[in-house]
Amino acid sequence: MLTRIISGAVGVVILAAVLFFHDTIVLPIAVAVMIAIMLYELLRAVKMEKCIPVLAASEVCGISVPFLYNMLYYWESIPKMDADIRTRNIEGAVPLVAFVVVLFSAFVIFLTWLRNHKTIRYEQVFFVLAVTVLVPQAMSTIVRIDRMYEKEGLFLLIMALCGAWIADTGAYFTGVALGKHKLCPEISPKKTIEGFIGGIVTTGLVYAAAFSVYEGEFDIAKVLFTFFLGAVCAVIGTIGDLSASMVKRQIGFKDYGKIMPGHGGLMDRFDSVLFVLPTFYAFLVLSDLMDFAII
């Protein structure tokens with residue numbers, strides 16, 4: 001227990017330091033490091049971490065994504081640049097480069113598969129391809145959320161991360177106090193339906209309160225919207241957590257890694273975050289399109 005507490009405290013300190021320097025290059029560097037570690041843990045889960053060409057292709061693809069998104073928002077923030085030139089040259093170039101990187105990585109992975117088709121199975125190949133796309137895009141949403149808003153970016157980023165972690169906390173305490181009915185006993189024996197509902201309600205209430213306090217006003221429409229946003233994030237986060245647990249059970253792993261003693265690997269800590277971050281970002285974009293600013 002002491003090891004788990006110390007490890008968790010160190011993780012919180014590192015996270016706080018990264019968030020303190022969120023408006024610098026530190027953020028995309030930190031995200032790139034997390035992506036690199038998470039991809040290694042996932043490739044290790046399917047015994048592909050020792051296949052250097054596949055590992056290198058996956059890592060290069062993953063590490064490049066947060067820097068590409070950071071570049072996109074960096075150029076957009078330069079006021080002297082002509083808007084047409086920025087839109088045509090920058091906004092079009094970044095997605096194109098990202099596509100080329102993914103395509104090249106996939107080419108290397110398939111070529112390696114062809115050369116080692118007797119030892120590499122198709123399940124391994126398509127798992128690697130899936131995580132190579134999912135993990136970098138999901139985790140790089142950290143950069144996108146932070147850079148979307150000049151003043152509110154840090155607050156929104158914290159709320160996006162809390163969308164997964166608050167749900168876990170609320171579900172844990174509700175489950176301990178009221179839990180009787182198992183949610184998915186074969187995948188996660190400790191999760192209960194009561195805890196699941198408690199996590200949803202807790203996240204919704206925290207979101208509604210946090211956004212209201214940050215805004216300094218009580219707007220019933222925003223309260224309802226943010227409560228709904230928190231509830232959705234809690235549901236999505238639970239699905240992410242269960243999905244990662246299902247993979248571990250099917251491959252016979254207890255933890256994805258050992259980088260955080262007592263907690264496992266980064267994938268064990270960020271499995272729900274992988275699903276919550278894109279969901280939160282989608283809600284932000286949707287609210288802007290609907291001309292309904294939640295902040």
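The values are calculated or read from the model by the stated rules, or taken from the named source; none is laboratory data. In this text the structure is predicted, and so the values were computed from the model without any measurement. Methodologically, a virtual Cβ is constructed for each residue, glycine included, from the backbone with ideal geometry; neighbour enumeration extends over all protein chains shown.
Considering only residues that are surrounded by 22 or more Cβ atoms within 10 Å (Cβ to Cβ) and among the aliphatic types (A, V, I, L, M), look in the range 49-74 and name the one that is nearest to Leu114 (Cα to Cα).
Only one residue tops the list, namely Val54.
Go through the range 1-36 and report how many residues are surrounded by 12 or more Cβ atoms within 10 Å (Cβ to Cβ) and over 24 Å from Gly153 (Cβ atoms).
Count: 5.
For the subset of the range 106-139 comprising residues that are at pLDDT 95 or above and among the hydroxyl-bearing types (Ser, Thr, Tyr), which member is farthest from Val46 (Cα to Cα)?
Filtering the range 106-139 for residues that are at pLDDT 95 or above and among the hydroxyl-bearing types (Ser, Thr, Tyr), the one farthest from Val46 (Cα to Cα) comes out as Thr112.
With respect to Phe275, is the statement that it is touching a Ser or Thr at 6+ places or on another chain (Cβ under 7 Å) and not hydroxyl-bearing (Ser, Thr, Tyr) true?
no
Tally the residues that are within 23 Å of Tyr73 (Cα to Cα), at pLDDT below 90 and touching a Gly at 6+ places or on another chain (Cβ under 9 Å), restricting the search to the range 1-32.
Count: 2.
So, in the range 151-164, how many residues would count as being touching a residue at least 40 places away in the same chain (Cβ under 8 Å) and surrounded by fewer than 23 Cβ atoms within 10 Å (Cβ to Cβ)?
Count: 8.
What number of residues in the range 6-31 are touching a residue at least 40 places away in the same chain (Cβ under 8 Å) and outside any helix (DSSP H, G or I)?
Final tally of qualifying residues: 3.
Pick from Ala209, Ala138, Ala171, Ala130: which is in a helix (DSSP H, G or I) and loosely packed, with under 14 Cβ neighbours inside 10 Å?
Details: Ala209 fails: loosely packed, with under 14 Cβ neighbours inside 10 Å; Ala138 fails: loosely packed, with under 14 Cβ neighbours inside 10 Å; Ala171 fails: loosely packed, with under 14 Cβ neighbours inside 10 Å.
Only one candidate passes the filter, namely Ala130.
From the set of residues in the range 236-270 that are among the charged types (D, E, K, R) and within 22 Å of Val13 (Cβ to Cβ), which is surrounded by the fewest Cβ atoms within 10 Å (Cβ to Cβ)?
Across the range 236-270, the extreme among qualifying residues is Lys258.
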